[in-house]
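A.B. asks: Handing you this structure, nothing more for now.
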Amino acid sequence: AARVPRSVQPGEFGLWSIVRQRIPPRHRDRPTVGFPWITSLCRMTLATMHLPHGEVVMEDSARELRRHLPIWMAARGRVLVSGLGLGCVVRGLLAKPDVRHIDVVEIDHSIINRLGPEFAGIGRVRLHHGDALRFDWPAGSRWDYAWHDCWVDESLDDDGRRPEGLNVLHIQLMVRYRPMVGRQGAWAMPRSVKRFIP
């Protein structure tokens, strides 16, 4: 249910692109792939300009979807999602009847324009354009669950290492939403951090 439907067409929009690739039969059964095709959301960055589509931000491979299992298994009631991406998290949540409402905050308007129309007529989903760290929610806003699935341009530093910007961003979001959310988590959050988050 979470996979990107065929109605989402590949193509470029600004620095972003949606790429769909067919997986050769001999590779489909690998636990990291699992499907006959994979759809990827890519973004061009300074560090990845040499690649055909830039950096792969997310995809709907079996490995990627497994990283979202915590929210799909636990969520019910009202859910907050930071980052729309390809919409996989939202599709997975919509497959659960006990998820009553989903608020999605997406900072990049071009992502909303390209992928948001799929969810526009669904009363259980509301898309918000803005920065989840600074979004001005109405007083008393509360959610049962929150899932933070944002992306940051983590270009390599001068020593060829990746900074820990994504982990820092996800922790900042968890701290910001702690008073408003029952339980929360984030994509690929390290185990060392999980024990500090309720």
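The values are calculated or read from the model by the stated rules, or taken from the named source; none is laboratory data. What you are looking at is a predicted structure, and each value in this text was computed from that prediction instead of being measured. No Cβ is skipped: glycine too gets one built from the backbone with ideal geometry, and neighbour counts run over all protein chains shown. Quick note on the areas: whole protein, heavy atoms, side chains included, nothing else; ligands and nucleic acids left out. Shrake-Rupley method; radii C 1.70, N 1.55, O 1.52, S 1.80 Å.
A.B. asks: Report the per residue volume, in Å³, of the convex hull enclosing the C-alpha atoms of the stretch 1-76.
C.D. replies: With only Cα atoms used, the stretch 1-76 gives 128 Å³ per residue.
A.B. asks: Something else: If you stretched the chain out fully between HIS101 and LEU46, how much longer would it get, using 0.36 nm times the residue separation minus the C-alpha to C-alpha distance?
C.D. replies: Extra length from HIS101 to LEU46 when fully extended: 16.0 nm.
A.B. asks: Under a 1.4 Å probe, what is the accessible area of the chain per residue, stated in Å²?
C.D. replies: 54 Å²
A.B. asks: Count the net charge of all other residues whose Cβ sits under 9 Å from the Cβ of VAL8, scoring Lys and Arg as +1 and Asp and Glu as -1.
C.D. replies: Net charge in that neighbourhood comes out at +2.
A.B. asks: Let me have the relative contact order for the chain, percent, based on Cα pairs under 8 Å that are six or more residues apart.
C.D. replies: 17 percent
A.B. asks: Mind ranking VAL175, VAL125, VAL152 by accessible surface for me, highest first, 1.4 Å probe?
C.D. replies: Output order, biggest surface exposure first: VAL175, VAL152, VAL125.
A.B. asks: To continue, here is another question. Just add up the charged neighbours of VAL89: K/R +1, D/E -1, any other residue whose Cβ is under 14 Å from the Cβ of VAL89.
C.D. replies: Net charge around VAL89: -1.
A.B. asks: Suppose we take every Cα in the chain and form the convex hull; what volume per residue is that in Å³?
C.D. replies: So the per-residue Cα hull volume is 140 Å³.
A.B. asks: Okay, next question. Ordering VAL19, VAL105 by accessible area with a probe of 1.4 Å, largest first, what comes out?
C.D. replies: The ordering from most to least exposed comes out as VAL19, VAL105.
A.B. asks: Still on this structure, please answer the following. Could you look at the chain and say what percent of its accessible area is carbon and sulfur, using a 1.4 Å probe and all protein chains?
C.D. replies: 55 percent
A.B. asks: Something else: If I ignore ligands, DNA and RNA and count only protein heavy atoms, how much of ARG114 is accessible to a 1.4 Å probe, in Å² to the nearest 10?
C.D. replies: Using a 1.4 Å probe on the heavy atoms, I get roughly 80 Å².
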